[in-house]
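Structure first, then comments.
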Amino acid sequence: MFEFSERARRYQEDLLAFMDEHVYPAESIYHAQMTESGDPHFHPPIIEELKTEARKRGLWNLFHPHSEWGPGLTNLEYAPLAEIMGRSAHLAPEATNCNAPDTGNMEVLTLFGTPEHKQDWLQPLLDGEIASAFAMTEPAVASSDATNIELRMQPDGDEYILNGRKWWTSNALHKNCKVLIVMGKTDPDAPVHRQQSMMVVPIDTPGVTVLRNLAVFGYQDREGHAEVVFENVRVPRTALLAGEGDGFMIGQARLGPGRIHHCMRAIGMAERALDLMIDRAQARTTFGAPVADRANIQDWIAESRIEIEMARLLTLKAAHLMDTVGNRNARVEIAAIKVAAPQVALKVVDRAIQVHGGGGVSDDFPLASMYAHLRTLRLADGPDEVHKRTIAQMELRRRDPAWGKRP
Ligand SMILES: Cc1cc2nc3c(=O)[nH]c(=O)nc-3n(C[C@H](O)[C@H](O)[C@H](O)COP(=O)(O)OP(=O)(O)OC[C@H]3O[C@@H](n4cnc5c(N)ncnc54)[C@H](O)[C@@H]3O)c2cc1C
């Protein structure tokens with residue numbers, strides 16, 4: 001079932017070579033450039049050098065399912081590539097123009113953008129010239145239920161007036177961020193899933209203020225997770241994506257592929273953490289024997305391998321179903337992997353931290369930062385509990401089709 005196509009195998013080989021020859025050697029340069037700048041949101045030159053090299057090698061926009069814009073790989077073909085990128089998550093996804101949230105935004109603009117949106121925003125995004133952010137979550141409401149979103153998009157003649165507050169708008173502090181895709185309410189009186197719309201809002205539109213960055217366990221992520229205020233922001237009617245009331249539908253279309261990409265990268269992180277765990281356990285000796293000789297350490301190594309393989313197989317199954325029966329019919333598998341992959345990766349990273357002793361929680365190894373990032377994946381793009389709700393509802397209805405539908 002999961003025999004990779006020849007072109008998928010070729011891309012895997014090419015990407016692995018790019019990682020070995022350019023990305024891993026660039027990691028120390030990246031950290032040196034970031035430290036030297038003293039600015040957590042600095043755009044280090046090494047990123048642009050890697051982008052140039054990746055593009056030269058044809059490793060560009062690999063995520064994009066439409067062949068007009070990239071190689072047109074299936075989800076199953078892209079899965080192992082995203083996993084490889086996840087091994088160096090600060091560098092490889094951006095180097096290949098496959099980083100979130102730009103990938104999801106590019107897909108939305110491809111599917112729902114007007115010719116003008118495509119020219120002004122999609123093309124520069126596809127060329128890696130600009131970055132973008134997705135603003136749905138709000139501090140004032142429980143945003144895991146998107147029907148709660150309150151930012152007002154008031155129609156006014158040929159324009160809309162936007163008022164509201166967002167937070168966790170990832171990428172809004174990226175030095176190249178030029179545009180936001182914003183979800184808000186155009187019609188509070190419409191049926192509950194038709195009240196929301198999405199609009200394309202240039203970040204420099206008067207009334208848009210990026211207030212501050214939100215730290216993640218104390219880390220100031222380079223791309224930033226911003227709190228953004230919208231005060232009487234006027235945008236033309238043409239800012240609308242698809243139609244009025246289509247926000248919920250677009251959100252669903254956007255999150256399916258985005259979720260599975262996160263999971264693939266999480267598995268790549270777990271693989272790297274397992275490598276680090278093994279190397280360290282073999283290199284260090286306590287009480288007269290290598291740490292790797294201890295039964296409990298071998299148990300952690302074995303458990304990690306088993307769990308990674310299980311998570312990978314479930315991810316590939318979800319990717320295969322997305323390709324064959326569509327994202328909507330694969331929603332239970334997408335929900336399952338969104339819960340499973342970050343949890344597995346967190347367990348593996350936690351064990352690797354333990355094997356590294358004090359070094360594990362320092363910045364001398366990538367493990368602490370990996371842990372912080374992976375922990376956020378249990379919340380971002382929907383908390384675990386919301387995905388489990390989807391799975392449980394399907395299971396309950398499998399036994400009783402009327403479950404939850406009775407008055
Ligand atoms: C690092 C990071 C990056 C992010 N990037 C973005 C971004 O780019 N754009 C964006 O719009 N948002 C982004 N988010 C926000 C993220 O998507 C939300 O935090 C998430 O959807 C949850 O919404 P909330 O924080 O309002 O939690 P709430 O909706 O208040 O939920 C709180 C908790 O309630 C529990 N819960 C909720 N529903 C149920 C249920 N049905 N059953 C049981 N328990 C339940 C869950 O444990 C949940 O964690 C990001 C978040 C993080 C941490």
message: Taking the conditions exactly as written (under 26 Å from Arg378 (Cβ atoms), touching a residue at least 60 places away in the same chain (Cβ under 8 Å), open to solvent by less than 60 Å² (accessible area, probe 1.4 Å) and out of contact with any Gly (no Cβ under 7 Å at 6 or more places or on another chain)), does Val182 satisfy them or not?
response: no
query: Of the residues in segment 110-132, how many are within 16 Å of the ligand (Cβ to nearest atom) and either in a helix (DSSP H, G or I) or open to solvent by 50 Å² or more (accessible area, probe 1.4 Å) (or both)?
result: 1
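Here's the yes/no breakdown for (1) surrounded by fewer than 22 Cβ atoms within 10 Å (Cβ to Cβ); (2) touching a Cys at 6+ places or on another chain (Cβ under 8 Å); (3) of a type in the set (A, V, I, L, M, F, W, C):
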site: Arg265; (1), (2), (3): no, no, no
site: Ile297; (1), (2), (3): yes, no, yes
site: Glu307; (1), (2), (3): yes, no, no
site: His320; (1), (2), (3): yes, no, no
- prompt: Within segment 282-295, can you find the residues that are open to solvent by 70 Å² or more (accessible area, probe 1.4 Å) and over 14 Å from His356 (Cα atoms)?
  reply: Phe287, Gly288, Asp293, Arg294, Ala295
statement: When segment 246-302 is checked residue by residue, the ones that are touching a Gly at 6+ places or on another chain (Cβ under 6 Å) and farther than 25 Å from Ile149 by Cβ are Arg265, Gly268, Met269
- line: All-but-one check, Ser362 against (1) touching a helix residue (DSSP H, G or I) at 6+ places or on another chain (Cβ under 6 Å); (2) within 22 Å of His90 (Cβ to Cβ), failing number (1)
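The values are calculated or read from the model by the stated rules, or taken from the named source; none is laboratory data. Everything quoted here is computed from the prediction, not taken from an experiment. So basically every Cβ, Gly included, is an ideal-geometry build from the backbone, and we count neighbours across all protein chains shown. Just so you know, the surface numbers come from the protein's heavy atoms only, side chains and all, with ligands and any DNA or RNA stripped out. Shrake-Rupley method; radii C 1.70, N 1.55, O 1.52, S 1.80 Å.
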